[in-house]
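Okay, so here's the structure we're looking at.
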Amino acid sequence: MKKVVMYWSNICVLHKFERDHIETIRQELLSLGIDLQTEYFGLGYPTRMSEAMLDPAKPLPDIIISTDLEVFENRELYESYSRDLYEIGTWFPKKKKENYRSLYGDPHLLPFIAIPMMLYSRDSSWHDTSLADLVNSRIAFGGINNSAAKCIFKYLWAQFGKKTASDFLERCDLYDMPIQGMHAVKTGSAEASLVPSIYALRADMIHEFAYPLSDGCIVLPSFAAVRNSIDEETARTILFRLLSPSFCNFFVSNGDLISCIEGTSECHSGAIADAQYLYPNEDWFRRVRPAEFYESYCRILPTAVDYSKAPRNHPRAEE
């Protein structure tokens, strides 16, 4: 029996479905001589995946699937294990539409789904808001210590520079959780908010409106990665069952999420399906090191946790 350890931190709102799906796949794999053991992280669990992977005393998993993007975007952490990754981005046929291109930067990472951030308001005049309009506005959004708020700040930094992005962050109303941004609009304490599409679906488009920015949707990809600590045949056997079209289509149907794998559904919202998907390029992640990002982020947001604390000489880099 081959033992395979997977770390999983994905879509918390749809997590029961995820766990049921993983258990079904686990039973199928047992009949093939593969024991898939999954450790879960994120909301409702005691530890974030990035925290666990920053701990050099904790063994690395064989498979990583995460929307805790610090696992990949904290380059001191990512570079400590990325040399051992298969190029799984080449294993799956990905959608060839131009608006997906920003998600395909690293062949070691497979973006199988992505969460689009939508502008949510009770005032339809926000409909044609651009990124340039946004950085000069005051809005609400949440997710201070998860990927949602960070992804917005990172993308605006990449596009407009650190000062403009920092001024925007200081001006806005920030909350712990993304859903709180939506509630701020509902209660009238904010004119508009950036919220994940799964919450934006609640807009009735009569009293409340949800649209992509006119430039597109800032997105949070969920990446899969596989270390060569397991053989390629075993890795492919697991991933092709786990990341099946029906699994990806569930997220599209129930959250209007973006599925990147060819042959899976497009978002029901034509506005999302046709929008550009906005994600910082590889050059920005290489250029802006974790310490610089968190120095700015935590200075503006005192409740933010600095997850850049990977040891400078990470033991795994010397293995």
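The values are calculated or read from the model by the stated rules, or taken from the named source; none is laboratory data. The model shown is predicted, which means the values in this text are computed figures rather than measured ones. Every residue, glycine among them, receives a Cβ derived from its backbone with ideal geometry; neighbour counts consider all protein chains shown.
Some points to look at:
- Within the stretch 169-205, tally of residues that are more than 18 Å from the chain's Cα centre (by Cα), among the hydrophobic types (A, V, I, L, M, F, W, C), surrounded by 17 or more Cβ atoms within 10 Å (Cβ to Cβ) and outside any strand (DSSP E or B): 7
- Taking the criterion of being in contact with a Leu (Cβ under 7 Å, 6 or more places away or on another chain) and of a type in the set (Gly, Ala, Ser), the residues of the stretch 212-246 that qualify are 216, 224, 225.
- Residue selected from the stretch 260-279 under the condition in a strand (DSSP E or B) and either hydrophobic (A, V, I, L, M, F, W, C) or modelled with pLDDT under 95 (or both), by the criterion farthest from the chain's Cα centre (by Cα): 261
- Among the residues of the stretch 3-60, just one is outside any loop (DSSP other than H, G, I, E, B), charged (D, E, K, R), crowded, with 16+ Cβ neighbours inside 10 Å and in contact (Cβ under 8 Å) with a residue 60 or more places away in the chain, namely 51.
- Inter-residue pairs, beta-carbon under 6 Å, first part of a loop (DSSP other than H, G, I, E, B) and in the stretch 280-295, second modelled with pLDDT of 95 or more, 6+ apart: 280/154; 280/155; 280/158
- Among the residues of the stretch 298-319, the one identified as among the aliphatic types (A, V, I, L, M), outside any loop (DSSP other than H, G, I, E, B) and at pLDDT 50 or above is 300.
- Residue 225 over 22 Å from residue 50 (Cα atoms) and either among the small types (Gly, Ala, Ser) or at pLDDT below 95 (or both): no
- Looking only at residues of the stretch 218-234 that are of a type in the set (S, T, N, Q) and not in a helix (DSSP H, G or I), we find that the one that is surrounded by the most Cβ atoms within 10 Å (Cβ to Cβ) is 222.
- Scan of the stretch 141-166 for residues that are free of Cβ contacts under 8 Å to residues at least 24 places away in the same chain and either touching a Lys or Arg at 6+ places or on another chain (Cβ under 7 Å) or part of a helix (DSSP H, G or I) (or both), ordered by number: 163
- Scanning the stretch 247-257 for residues that are surrounded by fewer than 24 Cβ atoms within 10 Å (Cβ to Cβ), in contact with a helix residue (DSSP H, G or I) (Cβ under 7 Å, 6 or more places away or on another chain) and more than 26 Å from residue 73 (Cα to Cα) turns up at least one hit.
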